[in-house]
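Visitor: One structure follows; several queries about it will come next.
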Amino acid sequence: MRGVNLLDEEDLINRIIQVKNLREECFKHLESRSQGTLTHKIIFAIAKLSSEKMGPVKLSEISQSIFGINEKSKQDNIRLTMEKTLLKCGMVEKLHYATNDVRYILTGYRFQKIKKIESFRGDNKEPIGEVFEIPRSSWPIPDEFFILKSKKSGYEETLKKLNSDYDANKIPRGKYEDLIRKITGNLNEVSRKTNAKFANLDEIMEK
């Protein structure tokens, strides 16, 4: 089992970046035909709660999200359902913080349905269909990523406006060059920070 000190920001981002292969009998829990099942509801409840808390969540929180109450019977139902399906399929990870503090988090947010093919060369995995994504609004993305992206967009728009104003003779050349140099430097710094911490995540979010 993992310890709480190992579940950091980088861990959360890796869960988003990696596409997790699932057998057909496990992938079905994500599909619309399973929408009314408790297993399906647990997946999306954990995703939403984890994105809000930026970390694993308790049974009581999952129960409250799904049923509106956190009675022990409801929690037991959720726990048993996860043990029979989501934990067995490797879709949810169980984390022990302390003796009486157990929490849960999704192992991934992007899933590929696969079919195993047996051949004389050994077992192969054949992908079926497109990659399924948990809604991005339920991804545990750090605030810093959105702040950096907003700054980048703001600097890019400012550069466009400066160029437009300069072309329209609204800004003296000297001031224009000073501003361009300053804002370009800020833009480069934001891009450097984004690439250093969130390059793979940024690539996915741009798709």
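The values are calculated or read from the model by the stated rules, or taken from the named source; none is laboratory data. Bear in mind the structure is a predicted one, so any value in this text is a computation, not a measurement. With ideal geometry, Cβ positions are generated from the backbone for all residues, glycine too; neighbour counts draw on all protein chains shown.
Visitor: Considering the stretch 157-180 alone, what residues qualify as being surrounded by 14 or more Cβ atoms within 10 Å (Cβ to Cβ) and within 24 Å of Ser191 (Cα to Cα)? Steps first, please.
Guide: Let us first name the residues in the stretch 157-180 that are surrounded by 14 or more Cβ atoms within 10 Å (Cβ to Cβ), namely 158-159, 162, 166, 171, 176, 179-180.
Once the filter is applied, which keeps residues that are surrounded by 14 or more Cβ atoms within 10 Å (Cβ to Cβ) and within 24 Å of Ser191 (Cα to Cα), the stretch 157-180 yields Thr158, Leu159, Leu162, Tyr176, Leu179, Ile180.
Visitor: List the pairs whose first member sits in the stretch 102-115 and is touching a residue at least 60 places away in the same chain (Cβ under 8 Å) and more than 17 Å from Phe44 (Cβ to Cβ), whose second member is of a type in the set (Phe, Trp, Tyr) and assigned to a strand (DSSP E or B), and whose Cβ atoms are under 8 Å apart, counting only residues at least 6 apart or on separate chains?
Guide: Pairs found: Gln112/Phe132; Lys113/Phe132.
Visitor: Limited to the stretch 62-100, what total is found for residues that are over 24 Å from the mean Cα position of the chain (by Cα) and part of a strand (DSSP E or B)?
Guide: So the count comes out to 1.
Visitor: Additional query: Of the residues Ser137, Ser153, Ser119, only one is at pLDDT 95 or above and farther than 29 Å from Ala45 by Cβ; which?
Guide: Only one candidate qualifies: Ser153.
Visitor: I'm told Lys41 meets every condition in (1) modelled with pLDDT under 95; (2) over 19 Å from Ile16 (Cα atoms); (3) under 18 Å from the mean Cα position of the chain (by Cα) except one. Can you identify the failing condition by its number?
Guide: (1) is the only condition that Lys41 fails.
Visitor: Can you pull out the residues in the stretch 49-68 that are surrounded by 17 or more Cβ atoms within 10 Å (Cβ to Cβ) and either under 13 Å from Leu106 (Cα atoms) or touching a residue at least 24 places away in the same chain (Cβ under 8 Å) (or both)?
Guide: Hits for the stretch 49-68 are Leu49, Ser50, Ser51, Gly55, Pro56, Val57, Lys58, Leu59, Ile62, Ile66.
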